[in-house]
2 protein chains.
Amino acid sequence: MRLLLHSAALKRVETRLTALGLPLEIVTVDNDRVIREGGRVLAPEEVRPEAVWLSLDTYVGRQLRQFLDLTLGSDTVRYVQTFNAGLDGPHFRQMFDRGIKIANSSAQAPSIAEYVLAHVLAEWHPLARQRENQRAHRWGRIPFREMGDAHWLIIGFGHIGREIARRVRPFGSRITAVRRTQTLEPLMDAIAPPAALPDLLPQADIVVLAVGLSADTANMANAGFFARMKPGSILVNIGRGGLLDEDALLAALDKNAPAVAILDVFREEPLPTTSPLWDHPKLRLTPHTSAGGHGTLLRGDELFLGNLPRYARGEPLVNEVTERTFG
Amino acid sequence: MRLLLHSAALKRVETRLTALGLPLEIVTVDNDRVIREGGRVLAPEEVRPEAVWLSLDTYVGRQLRQFLDLTLGSDTVRYVQTFNAGLDGPHFRQMFDRGIKIANSSAQAPSIAEYVLAHVLAEWHPLARQRENQRAHRWGRIPFREMGDAHWLIIGFGHIGREIARRVRPFGSRITAVRRTQTLEPLMDAIAPPAALPDLLPQADIVVLAVGLSADTANMANAGFFARMKPGSILVNIGRGGLLDEDALLAALDKNAPAVAILDVFREEPLPTTSPLWDHPKLRLTPHTSAGGHGTLLRGDELFLGNLPRYARGEPLVNEVTERTFG
């Protein structure tokens, strides 16, 4: 089986990959974008991979476009393992329509869930004012709101929503999941379909957009959505920028509903330096980095090393993409 | 039964207290320190309470000393419900020695546990640097360390230690509890006695002092303790100031073990404005406020309203203090 992967990924997993005992022909792309098989440099048309691993390295090293071109430029690919959780890029649809088995990633979910907890707790705990008091040598007690009796509305309940709920639950918060599939899971207190949002939003203290971007979800957080939000509430977007109408959000923040928005994703990335979002005092912006925990890369390796032999044996993959994944 | 309580506490629970159907004679102290029974003002020697509720109000309103004097100045008291978790004050020992039933409080534990999670996550997530980038309109990714593979050492595993562990666990961290009683609980990965600390400290990424102050625990976090801590680790003290040698901590921070200390309690409170702790860049100080979540007061009310009928029926109290509580 010919396997295309990033040289940095090969370096991390080479011993374990060899130990799988599969008959592999390994083709790598380096940060210099040169394609190699062993010592030999290959032309793009010589790659002809059966399996392609779009590891996080292809994104970090900016070879993702090259990997996608090599994948879609060949008719030999049967299996793609990607680091992406959301498959809104058109290339995944194209691969799927060609019958390529795709497995997306759950590797970023624990990192993103930590990000959400850290950022939300930092809003309700008066960390900044406590630092000010410390600088002033001031013994000033500041009461805080506990998260324990908050109501979380988690829109989208895949790997990411689930990992958030798992960490929120022991605080005692109430968790309502919004999802098309109406199956109550142990991590939820309630489940509701997207159509119920107008009734649910007024009750929610923390609303998290953790859903994929599709025709159904694009611009879901718009003026009408914000008009139903509870004054003083927190909005978190770790899904996709396209889920949210940024102009409508700016108007909503002026009405204190939400009171604060924590945004890791934007309609245009990198966010243009001229965007009015940067300077808004009620916005906490991070550069699409919620998956940036040190464990994401390692969990991605585990996923690939588990899925490659499954593919070789013709078994279903972990996180195998179906028509439904596209929304 | 004559019950002494703060007028603010009575105001909150009066309806529910009446509904208990107990034959109560209610004596209150107001923020003005005047003692009243119904409309009548009482002299201290007229109070003669059987039950005393040291609710959080007595502390907030600065009548705690008065309540303790009324309790210890009478030979009629049989039951004291206190808002305290730690009973290191000598008055509790005196009450206990007189045969008074004392129930301490678990009401602050969820609040303190939230405080610990919020403050520790704020260290590992680059919140401050992300705010700087936002101010500069800079799209700068900063990787972060996940808490998932951290090793927590929780010293003291009562209500507070347990509530911390409950919230830490779904992150995937390893939790070692240090406690005299060697009973492994589901919230722990391991349990060890205090004598094992020299072997445990070098492995711990986060060390929490959540133990009561007693002759055995005073100054436990001293130069020898810090010398065993892991470089880069975090120390949290939400127990008592007397557990920790503040001068030794300042010296240890210079050696990066711990790298950061989060201190909510101090040897002298309020912390003197001249203390060198205030200006240390590796210290995060809060004014004994980790219990300051809005739920603490309400949980304290629940505890008292549950325990009073238990006392009246001669049943064991929830959180009833034993000889062992004193260390």
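The values are calculated or read from the model by the stated rules, or taken from the named source; none is laboratory data. It should be emphasised that the depicted structure is a prediction, and the values quoted were computed from it without experimental measurement. When we count neighbours, we look across all protein chains shown, and the Cβ atoms used for this are built from the backbone with ideal geometry, even at glycine. Quick note on the areas: whole protein, heavy atoms, side chains included, nothing else; ligands and nucleic acids left out. Shrake-Rupley method; radii C 1.70, N 1.55, O 1.52, S 1.80 Å.
Among the residues making up the range B:97-138, those that are open to solvent by 10 Å² or more (accessible area, probe 1.4 Å), part of a loop (DSSP other than H, G, I, E, B) and out of contact with any strand residue (DSSP E or B) (no Cβ under 9 Å at 6 or more places or on another chain) are B:Arg98, B:Gly99, B:Ser106, B:Ala136, B:His137, B:Arg138. The condition of being without any contact (Cβ under 8 Å) to a residue 24 or more places away in the chain and either within 26 Å of A:Pro309 (Cβ to Cβ) or not hydrophobic (A, V, I, L, M, F, W, C) (or both) holds for only one of A:Arg48, A:Arg40, A:Arg33, that being A:Arg40. Being surrounded by fewer than 19 Cβ atoms within 10 Å (Cβ to Cβ), at positive phi and more than 17 Å from the chain's Cα centre (by Cα) is a property that B:His151 lacks. For the range B:228-257, the candidate set comprises residues that are touching a residue at least 40 places away in the same chain (Cβ under 8 Å) and part of a loop (DSSP other than H, G, I, E, B); within that set, the residue that is surrounded by the fewest Cβ atoms within 10 Å (Cβ to Cβ) is B:Arg240.
On the given criteria, is B:Leu213 open to solvent by less than 10 Å² (accessible area, probe 1.4 Å) and either in a loop (DSSP other than H, G, I, E, B) or closer than 18 Å to B:His280 by Cβ (or both)? So B:Leu213 fails the test. Name every residue in the range A:140-163 that is touching a strand residue (DSSP E or B) at 6+ places or on another chain (Cβ under 9 Å) and assigned to a loop (DSSP other than H, G, I, E, B), in order of residue number. Listed by number, the residues that qualify are A:Pro143, A:Arg145, A:Glu146, A:Met147, A:Gly148, A:Asp149, A:Ala150, A:Gly156, A:Phe157. When the range B:281-290 is filtered for residues that are more than 9 Å from chain A (Cβ to nearest Cβ) and buried (at least 21 other Cβ atoms within 10 Å of the Cβ), only B:Ser290 remains.
Pairing residues of the range A:258-280 that are within 9 Å of chain B (Cβ to nearest Cβ) with residues that are small (Gly, Ala, Ser), at Cβ distances under 7 Å and at least 6 apart in sequence or on separate chains, gives A:Glu269/A:Gly241. Residue-level check: of (1) at pLDDT 95 or above; (2) out of contact with any helix residue (DSSP H, G or I) (no Cβ under 9 Å at 6 or more places or on another chain), B:Val47 misses just (2). Candidates are the residues of the range A:291-327 that are hydrophobic (A, V, I, L, M, F, W, C), in contact with a helix residue (DSSP H, G or I) (Cβ under 7 Å, 6 or more places away or on another chain) and in a helix (DSSP H, G or I); the one that is farthest from the other protein chains (Cβ to nearest Cβ) is A:Phe326. For B:Asp69, the criteria (1) within 19 Å of B:Tyr311 (Cβ to Cβ); (2) in a helix (DSSP H, G or I) hold in every case but one, which is (1). Just to be sure before I move on: is A:Leu200 on the phi < 0 side of the Ramachandran plot, hydrophobic (A, V, I, L, M, F, W, C) and assigned to a loop (DSSP other than H, G, I, E, B) in the structure I sent? No: the conditions fail for A:Leu200.
Would you say B:Ile102 is under 30 Å from B:Phe226 (Cα atoms), more than 10 Å from every other protein chain (Cβ to nearest Cβ) and not hydroxyl-bearing (Ser, Thr, Tyr)? Here the answer is no, as B:Ile102 does not meet what is asked.
Answer with yes or no whether A:Arg145 is over 30 Å from B:His280 (Cβ atoms) and either at pLDDT below 95 or not hydroxyl-bearing (Ser, Thr, Tyr) (or both).
no
Looking across the range B:81-91, just one residue is touching a helix residue (DSSP H, G or I) at 6+ places or on another chain (Cβ under 8 Å) and either within 14 Å of chain A (Cβ to nearest Cβ) or in a helix (DSSP H, G or I) (or both), and that is B:His91. Hey, can you tell me all the residues within the range B:3-35 that are under 20 Å from B:Gly300 (Cα atoms), open to solvent by 40 Å² or more (accessible area, probe 1.4 Å) and in a strand (DSSP E or B)? B:Ile26, the sole residue that qualifies.
Going through (1) facing chain B (nearest Cβ under 7 Å); (2) more than 22 Å from the chain's Cα centre (by Cα) one by one, A:Leu121 falls short only on (2).
Among the residues of the range B:182-197, is any out of contact with any Pro (no Cβ under 9 Å at 6 or more places or on another chain), away from chain A (no Cβ under 14 Å), crowded, with 19+ Cβ neighbours inside 10 Å and part of a helix (DSSP H, G or I)? Looking through the range B:182-197, at least one residue is out of contact with any Pro (no Cβ under 9 Å at 6 or more places or on another chain), away from chain A (no Cβ under 14 Å), crowded, with 19+ Cβ neighbours inside 10 Å and part of a helix (DSSP H, G or I). Of all residues in the range B:130-151, those that are free of Cβ contacts under 8 Å to residues at least 60 places away in the same chain and more than 7 Å from every other protein chain (Cβ to nearest Cβ) have Cβ atoms under 6 Å from Cβ atoms of residues that are outside any loop (DSSP other than H, G, I, E, B) and loosely packed, with under 15 Cβ neighbours inside 10 Å, 6 or more apart or on another chain, in B:His151/B:Gln203.
Screening B:Leu303 against (1) in contact (Cβ under 8 Å) with a residue 40 or more places away in the chain; (2) under 21 Å from B:Asn219 (Cα atoms) leaves a single unmet condition, (2). Can you give me the number of residues within the range A:36-58 that are outside any helix (DSSP H, G or I), within 25 Å of A:Ser106 (Cβ to Cβ) and acidic (Asp, Glu)? Of the residues in the range A:36-58, 1 are outside any helix (DSSP H, G or I), within 25 Å of A:Ser106 (Cβ to Cβ) and acidic (Asp, Glu). Can you name the number of the only condition in (1) touching a residue at least 40 places away in the same chain (Cβ under 8 Å); (2) in contact with a Pro (Cβ under 8 Å, 6 or more places away or on another chain); (3) over 16 Å from A:Arg65 (Cα atoms) that A:Val27 fails? It fails just one condition, (1). Looking at A:Ile175, is it assigned to a strand (DSSP E or B), modelled with pLDDT of 95 or more and out of contact with any helix residue (DSSP H, G or I) (no Cβ under 7 Å at 6 or more places or on another chain)? No. Among the residues of the range B:162-181, which ones are open to solvent by less than 60 Å² (accessible area, probe 1.4 Å) and within 14 Å of chain A (Cβ to nearest Cβ)? B:Glu163, B:Ile164, B:Ala165, B:Arg167, B:Val168, B:Pro170, B:Phe171, B:Gly172, B:Ser173, B:Ile175 - these are the residues of the range B:162-181 that are open to solvent by less than 60 Å² (accessible area, probe 1.4 Å) and within 14 Å of chain A (Cβ to nearest Cβ). The sole residue among A:Phe266, A:Phe225, A:Phe304 that is buried (at least 20 other Cβ atoms within 10 Å of the Cβ), at pLDDT 95 or above and under 30 Å from A:Val13 (Cα atoms) is A:Phe304. Filtered by the rule that a residue be open to solvent by less than 10 Å² (accessible area, probe 1.4 Å), within 30 Å of A:His125 (Cα to Cα) and more than 16 Å from the chain's Cα centre (by Cα), the range B:63-96 gives a lone residue, B:Gln63.
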